[in-house]
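Below: one structure, written as structure tokens.
The values are calculated or read from the model by the stated rules, or taken from the named source; none is laboratory data. Nothing here was measured: the structure is a model prediction, and the numbers come from that model. Backbone-built Cβ (ideal geometry, glycine too); neighbour counts: all protein chains shown.
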């Protein structure tokens with residue numbers, strides 16, 4: 001009698017240690033090998049885009065904190081840019097520099113988290129994630145110093161930033177940027193980048209070809225790992241990024257290892273940008289006076305920023321009222337996640353987890 | 001006058017003061033001698049002496065293991081905490097020493113859930129069967145010159161059998177849980193058991209060939225007689241055994257059976273309450289028993305050159321056990337996990353051939369030793385040099401010729417300082433490398 005063999009269907013998530021939240025991956029598994037993957041999103045859907053139509057433009061800023069809660073500053077920034085574009089508001093120089101500084105600090109914090117969680121998915125027993133958390137905490141301390149919040153900062157405002165930086169901020173930032181973080185990155189290089197086991201686990205795992213990356217509209221480290229140099233900060237500069245000097249790290253093979261090294265290099269480039277921004281930081285007002293219940297003229301605007309996850313776009317339509325008529329968010333996590341099936345089919349379960357970790361999704365942003 | 005005063009302060013070691021009282025546990029033979037004497041006085045038959053001393057020894061070992069399991073929860077969490085640049089448990093009691101007690105109380109209070117479709121007997125037996133072998137191994141491990149519970153002639157064989165049993169109970173747990181993740185853990189464990197028993201046995205064969213006995217006390221006495229730890233004579237066997245046994249112990253970098261990030265908890269996904277607590281404690285117990293085996297076979301057990309004349313043997317032994325245990329904690333705190341195919345490939349392609357080469361070389365050495373009739377004083381340094389060189393050469397050669405080639409692409413990304421947006425080139429890695437790696 002022949003033995004009947006059929007693939008097993010396994011629910012990876014929504015309750016699973018490595019799905020980074022409540023993401024669900026229905027995997028058909030033949031032995032250890034994945035035959036098919038179905039993605040199920042929506043467990044964290046909070047209908048923010050609809051809720052925003054009931055609130056004023058200023059009241060919508062905290063929503064952007066809670067989308068990608070690991071990169072709240074980038075969300076704030078992207079949304080404020082779109083409303084400023086719609087209402088044609090000039091932002092003072094100092095505010096633009098502060099936005100760049102905090103945006104880059106947020107990139108460091110988010111990439112720290114992404115790297116640590118990725119190594120955890122590779123199976124390390126929490127050590128790298130704790131080291132990365134330590135450095136993320138240092139950045140969050142600076143956020144707390146400035147705006148009182150660590151995670152959901154709600155710092156940017158339409159027309160500037162909410163508060164000017166306190167006196168003790170710049171010395172602390174200089175210590176962080178010139179002393180603590182470079183040392184920490186050296187530790188990462190020793191512990192993670194040169195690690196043979198990480199290479200064995202992450203090289204040639206979750207490969208994205210350049211064609212697939214462009215066709216699937218990927219962005220951020222996912223796109224750059226495939227060998228395509230594309231960064232909104234260079235391609236469509238916002239704030240004062242056109243005055244900064246920095247390089248775009250680009251990978252070779254489009255695999256998980258490339259994405260990890262790109263994130264670590266991007267953190268170093270962020271420090272470079274912060275150093276330049278602090279050196280050029282002008283005085284003056286930190287925001288322009290904008291009415292709280294701002295009524296932009298009827299029309300539409302789309303603005304995009306390079307968030308740590310990729311291209312974060314905000315599309316706002318105004319009908320002249322105090323609330324947006326329609327608000328849409330182009331969430332990089334969701335779009336980067338869309339190629340998961342192409343990346344994982346044919347690999348083992350262990351590889352699928354590593355691949356998912358290397359995408360660096362944030363379910364808060366995927367589901368919104 | 002002065003000389004006399006100096007003579008009054010003799011150089012005393014801990015062992016000088018042994019009095020021969022039964023409570024002087026620096027030498028366990030004091031206690032057994034007392035028991036023997038009393039039983040004889042009270043007119044017990046001869047055989048009952050063995051039964052009663054055996055029972056007392058068993059109780060002592062179980063008490064030790066229980067203490068170790070509690071202490072090691074603290075040790076492991078604390079040491080790994082330091083490696084992770086945090087403090088570790090430090091709230092309950094001095095230095096957080098009462099943390100394991102709190103953990104145990106919490107686990108005991110929790111309800112033990114059992115899947116309705118799980119076969120009850122196997123499901124319940126699995127945690128117990130996982131705990132027993134780790135304790136049973138200690139029966140043949142010598143604690144001192146006169147302190148070994150069961151001096152088996154086939155002690156090493158007994159240990160190998162016992163450590164395989166622990167893996168089998170993991171399979172019991174995974175199979176009976178009726179959970180897909182648990183089944184994955186069980187499948188992985190069986191694959192690993194088949195692969196890793198071979199390098200373990202072949203690696204230990206070198207030790208047995210040198211010592212000429214499988215009795216653990218005999219192996220310690222061999223090391224004492226030849227004035228060399230077995231790890232010097234057999235560095236390759238030590239490395240092979242250390243890696244292979246850490247795979248059998250389910251510790252990183254080989255903890256694929258309970259890979260938390262992949263298959264949730266592996267074989268113990270469905271266990272809760274004190275059943276899970278037993279798995280948790282047994283993992284630490286097994287780690288300690290393996291450390292004890294390594295300390296005995298490779299590091300001289302209770303013997304440590306002249307030190308065992310100053311300090312009781314069992315103190316030296318426990319010190320060595322914790323030294324080896326620290327190595328296990330260290331690897332766990334540092335390394336990521338292998339994928340299962342990489343792990344099995346490592347066993348078959350690296351450890352097994354190395355172990356076989358090692359056995360061949362050791363057999364030739366032992367033959368030369370016996371046939372030549374020259375003294376150990378000549379041969380032991382020669383063997384140390386030869387085996388050290390062999391270890392280095394083998395590891396270097398394997399890394400040189402058999403290691404996976406990762407350096408197809410550089411580890412650092414390339415940089416684009418100024419990208420030209422409209423004519424954005426999509427450069428693939430292959431094209432880039434064909435052009436000589438210049439951005």
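Go through (1) at the interface with chain B (Cβ under 10 Å from one of its Cβ atoms); (2) crowded, with 23+ Cβ neighbours inside 10 Å; (3) over 18 Å from residue A:344 (Cα atoms) for residue A:213 and report which single condition fails.
For residue A:213, the failing item is (3).
Name the single residue that is farthest from the other protein chains (Cβ to nearest Cβ) among those in segment A:28-42 being in a loop (DSSP other than H, G, I, E, B) and more than 21 Å from residue B:269 (Cβ to Cβ). Outline the logic, then answer.
Of segment A:28-42, the ones in a loop (DSSP other than H, G, I, E, B) are A:31-32, A:41-42.
Narrowing the set further to residues that are more than 21 Å from residue B:269 (Cβ to Cβ) leaves A:41-42.
Numbers: A:41: 20, A:42: 22 Å.
Filtering first and then ranking leaves A:42.
From the list B:262, B:283, which residue is within 12 Å of chain A (Cβ to nearest Cβ), in a helix (DSSP H, G or I) and either out of contact with any strand residue (DSSP E or B) (no Cβ under 7 Å at 6 or more places or on another chain) or touching a residue at least 40 places away in the same chain (Cβ under 8 Å) (or both)?
On the way: B:283 fails: within 12 Å of chain A (Cβ to nearest Cβ).
Matching residue, one of B:262, B:283: B:262.
Considering A:116, A:123, which residue is facing another protein chain (nearest Cβ under 10 Å) and either touching a helix residue (DSSP H, G or I) at 6+ places or on another chain (Cβ under 7 Å) or in a helix (DSSP H, G or I) (or both)? Spell out how you get there, then give the answer.
Details: A:116 fails: facing another protein chain (nearest Cβ under 10 Å).
Among A:116, A:123, only A:123 is facing another protein chain (nearest Cβ under 10 Å) and either touching a helix residue (DSSP H, G or I) at 6+ places or on another chain (Cβ under 7 Å) or in a helix (DSSP H, G or I) (or both).
Surrounded by fewer than 21 Cβ atoms within 10 Å (Cβ to Cβ), in contact with a helix residue (DSSP H, G or I) (Cβ under 8 Å, 6 or more places away or on another chain) and on the phi > 0 side of the Ramachandran plot - does that describe any residue in segment B:225-235?
Yes, there is a match, as at least one residue in segment B:225-235 is surrounded by fewer than 21 Cβ atoms within 10 Å (Cβ to Cβ), in contact with a helix residue (DSSP H, G or I) (Cβ under 8 Å, 6 or more places away or on another chain) and on the phi > 0 side of the Ramachandran plot.
Considering only helices (runs of 4 or more DSSP H) fully contained in segment B:297-413, which possess at least 3 residues that are within 14 Å of chain A (Cβ to nearest Cβ)?
Values: elements: B:313-334, B:340-345, B:352-372, B:376-402.
By residue number, B:313-334, B:340-345, B:376-402.
Taking into account only those residues within segment A:106-161 that are touching a strand residue (DSSP E or B) at 6+ places or on another chain (Cβ under 7 Å) and surrounded by fewer than 24 Cβ atoms within 10 Å (Cβ to Cβ), which is nearest to residue A:362 (Cα to Cα)? Spell out the reasoning first.
Start the filter on segment A:106-161 by keeping residues that are touching a strand residue (DSSP E or B) at 6+ places or on another chain (Cβ under 7 Å), which leaves A:155, A:157, A:159-161.
Next cut, surrounded by fewer than 24 Cβ atoms within 10 Å (Cβ to Cβ) only: A:157, A:159.
Numbers: A:157: 24, A:159: 28 Å.
If we take residues in segment A:106-161 being touching a strand residue (DSSP E or B) at 6+ places or on another chain (Cβ under 7 Å) and surrounded by fewer than 24 Cβ atoms within 10 Å (Cβ to Cβ), then A:157 is nearest to residue A:362 (Cα to Cα).
Restricting to segment B:55-97, name every residue that is surrounded by fewer than 18 Cβ atoms within 10 Å (Cβ to Cβ) and not in a helix (DSSP H, G or I).
Scanning segment B:55-97 gives B:85, B:86, B:87, B:90, B:91, B:92, B:93, B:97.
If residue B:213 passes every condition in (1) surrounded by fewer than 21 Cβ atoms within 10 Å (Cβ to Cβ); (2) over 20 Å from the mean Cα position of the chain (by Cα); (3) outside any loop (DSSP other than H, G, I, E, B) but one, which one does it miss?
The failed condition is (3).
Determine if segment B:235-244 includes at least one residue that is within 14 Å of another protein chain (Cβ to nearest Cβ), modelled with pLDDT of 85 or more and in a helix (DSSP H, G or I).
Taking segment B:235-244 as the starting set, the residues that turn out to be within 14 Å of another protein chain (Cβ to nearest Cβ) are B:243.
Now restrict to residues that are modelled with pLDDT of 85 or more: B:243.
Remaining after also requiring in a helix (DSSP H, G or I): B:243.
Looking through segment B:235-244, at least one residue is within 14 Å of another protein chain (Cβ to nearest Cβ), modelled with pLDDT of 85 or more and in a helix (DSSP H, G or I).
In segment A:94-101, is there at least one residue being touching a strand residue (DSSP E or B) at 6+ places or on another chain (Cβ under 9 Å), crowded, with 24+ Cβ neighbours inside 10 Å and closer than 23 Å to residue A:20 by Cα?
no
Take residues that are within 18 Å of residue A:133 (Cα to Cα) and tell me which of the helices (runs of 4 or more DSSP H) falling wholly in segment A:170-235 contain 3 or more.
On the way: elements: A:181-188, A:196-202, A:210-215, A:221-225, A:232-235.
So the answer is A:181-188.
Report yes if some residue within segment A:244-264 is more than 17 Å from the chain's Cα centre (by Cα), touching a residue at least 60 places away in the same chain (Cβ under 8 Å), away from every other protein chain (no Cβ under 14 Å) and outside any strand (DSSP E or B); otherwise report no.
Scanning segment A:244-264 turns up no residue that is more than 17 Å from the chain's Cα centre (by Cα), touching a residue at least 60 places away in the same chain (Cβ under 8 Å), away from every other protein chain (no Cβ under 14 Å) and outside any strand (DSSP E or B).
Restricting to segment B:319-330, name every residue that is surrounded by 17 or more Cβ atoms within 10 Å (Cβ to Cβ) and either at pLDDT below 90 or under 30 Å from residue A:188 (Cβ atoms) (or both).
Answer for segment B:319-330, where residues must be surrounded by 17 or more Cβ atoms within 10 Å (Cβ to Cβ) and either at pLDDT below 90 or under 30 Å from residue A:188 (Cβ atoms) (or both): B:324, B:325, B:328, B:329.
How many of the residues making up segment A:9-27 are out of contact with any helix residue (DSSP H, G or I) (no Cβ under 6 Å at 6 or more places or on another chain) and within 8 Å of chain B (Cβ to nearest Cβ)?
Qualifying residue count, segment A:9-27: 1.
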